[in-house]
């Protein structure tokens with residue numbers, strides 16, 4: 001019994017330590033004052049919802065993107081090689097995360113291989129999550145991804161990268177889909193503090 005309690009206590013301390021290391025990283029990066037707003041396709045953190053729609057309208061008109069499922073997300077098909085060391089096509093669904101003033105404070109994504117099948121383990125989400133880290137490192141450089149447990153999934157690892165105000169969180173949602181959330185920590189941290197006070 002004592003041994004089980006010790007194991008539970010050690011695990012709890014490990015989780016607290018992991019979370020506090022993440023918190024320290026976020027606060028340390030915010031304190032640098034470095035601001036990253038560029039995303040892709042001319043989209044940026046801090047843009048209005050109207051601007052987001054205008055840019056997506058132009059991209060759609062030029063056949064670079066299309067409407068995603070149920071018109072709830074934008075769909076972009078990544079060419080083979082666009083993700084480093086990957087020769088498969090990947091579907092990227094994305095949509096801005098807007099605050100009450102319709103300002104984009106982040107971007108939500110869902111990635112999956114077009115050739116996904118339950119028996120095709122090379123196209124499973126846990127493999128794609130690892131390759132997406134390489135993709136974002138190539139796009140943005142900066143700090144490496146770290147593995148973190150944010151209580152999102154018991155089955156899969158979560159990875160986070162923080163540079164200045166910009167945070168990129170990657171985790172497999174299931175065997176097929178990888179969720180990527182890009183957040184502006186200036187807004188996210190302030191909002192979390194407000195919610196904790198109320």
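Of the residues that sit in the range 128-185 and are without any contact (Cβ under 8 Å) to a residue 40 or more places away in the chain and in a strand (DSSP E or B), which one is surrounded by the fewest Cβ atoms within 10 Å (Cβ to Cβ)?
The residue in question is 147.
So which residues in the range 77-93 are buried (at least 18 other Cβ atoms within 10 Å of the Cβ) and either free of Cβ contacts under 8 Å to residues at least 24 places away in the same chain or on the phi > 0 side of the Ramachandran plot (or both), if there are any at all?
The one that is buried (at least 18 other Cβ atoms within 10 Å of the Cβ) and either free of Cβ contacts under 8 Å to residues at least 24 places away in the same chain or on the phi > 0 side of the Ramachandran plot (or both): 92.
I'd like the full set of residues that are part of a strand (DSSP E or B) and farther than 25 Å from residue 184 by Cβ, limited to the range 66-89.
Once the filter is applied, which keeps residues that are part of a strand (DSSP E or B) and farther than 25 Å from residue 184 by Cβ, the range 66-89 yields 66, 67, 77.
Return the residues of the range 97-121 that are touching a residue at least 24 places away in the same chain (Cβ under 8 Å) and exposed (fewer than 13 other Cβ atoms within 10 Å of the Cβ); say none if nothing qualifies.
Selection gives 114, 115, 118.
How about the range 63-76: which of its residues are out of contact with any strand residue (DSSP E or B) (no Cβ under 6 Å at 6 or more places or on another chain) and either under 25 Å from residue 106 (Cβ atoms) or surrounded by 15 or more Cβ atoms within 10 Å (Cβ to Cβ) (or both)?
Correct list: 64, 67, 69, 70, 71, 72.
Could you tell me which numbered condition residue 71 fails, if it satisfies all but one of (1) under 26 Å from residue 141 (Cβ atoms); (2) modelled with pLDDT under 95?
The number of the failed condition is (1).
Given the criterion modelled with pLDDT of 95 or more, part of a loop (DSSP other than H, G, I, E, B) and closer than 21 Å to residue 186 by Cβ, identify the matching residue among 101, 97.
101
The values are calculated or read from the model by the stated rules, or taken from the named source; none is laboratory data. Remember, predicted model here, so these are calculated numbers, not experimental data. All Cβ positions, even for glycine, are placed from backbone atoms using ideal geometry, and neighbour counts span all protein chains on display.
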